[in-house]
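The values are calculated or read from the model by the stated rules, or taken from the named source; none is laboratory data. Quick caveat: nothing in here was measured; it's all calculated off a predicted structure. We place every Cβ from the backbone using ideal geometry, glycine too, and count neighbours over all the protein chains shown. All accessible areas refer to the heavy atoms of the entire protein, side chains included, with ligands and DNA or RNA removed. Shrake-Rupley method; radii C 1.70, N 1.55, O 1.52, S 1.80 Å.
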Amino acid sequence: MRRFQVVAILALLICTMPQPAAAHHSFAAEFDVDQPVTLHGTVTSMEWINPHAWLHIDVKNDDGTTTPWMIEGATPNTLLRRGFTRDSVKAGMEITVEGYRSRNGANRANGRDLILPDGSRLFMGSPPGVGGPGDSDGPEEQ
């Protein structure tokens, strides 16, 4: 009988332990498929952090000023599997990013394609299933 009580108490403790949240925002909640954007700028940094990598670039405006932009990419692991390395983008590199602008008008975008100086492309977009362009359960790609 004592063994049953110990097992029951352990099971109860395990069931009541805090669990990590498995929440994830959808593409459509933050970014607008109807606002495609093409940004040409200079890389200032790349953050290889979960749940999304972030690429920071300075975009030169017509009046000569620069505007900093944050470009959201997929998870670092996903980017590595797509061919990105930590050496793919370096500070000072001139790149072009095609993606979708933030719904709130901030200088943030969800990156779709990263175009390197040699013209090669790396796909940095969100994985399927989060409502991004091309998802069968998300908005249609324009």
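With the condition kept exactly as written, say whether any residue in region 107-114 is open to solvent by 20 Å² or more (accessible area, probe 1.4 Å) and modelled with pLDDT of 95 or more. Can you show your working first?
Of the residues in region 107-114, the ones open to solvent by 20 Å² or more (accessible area, probe 1.4 Å) are 107-108, 112-113.
With the extra rule that they be modelled with pLDDT of 95 or more, the set shrinks to 107-108.
Checking region 107-114: at least one residue is open to solvent by 20 Å² or more (accessible area, probe 1.4 Å) and modelled with pLDDT of 95 or more.
List the number of the failed condition for ASP135; all other conditions in (1) modelled with pLDDT of 90 or more; (2) surrounded by 15 or more Cβ atoms within 10 Å (Cβ to Cβ) hold.
(1)
Any chance you could count how many residues in region 32-58 are within 13 Å of ASN107 (Cβ to Cβ), open to solvent by less than 20 Å² (accessible area, probe 1.4 Å) and among the β-branched types (Val, Ile, Thr)?
Pass one, region 32-58, residues within 13 Å of ASN107 (Cβ to Cβ): 35, 37, 39, 41, 44, 54-58.
Checking which are open to solvent by less than 20 Å² (accessible area, probe 1.4 Å) leaves us with 39, 41, 55, 57.
Among the residues that remain, those that are also among the β-branched types (Val, Ile, Thr) are: 57.
Total meeting the criteria: 1.
Please count how many residues of region 13-51 are at pLDDT 90 or above and part of a loop (DSSP other than H, G, I, E, B).
Residues in region 13-51 being at pLDDT 90 or above and part of a loop (DSSP other than H, G, I, E, B): 2 in total.
Select from region 67-102 the residues that are at pLDDT below 95 and of a type in the set (Phe, Trp, Tyr) and write down the one among them that is nearest to the chain's Cα centre (by Cα).
Ranking the candidates gives TYR100 first.
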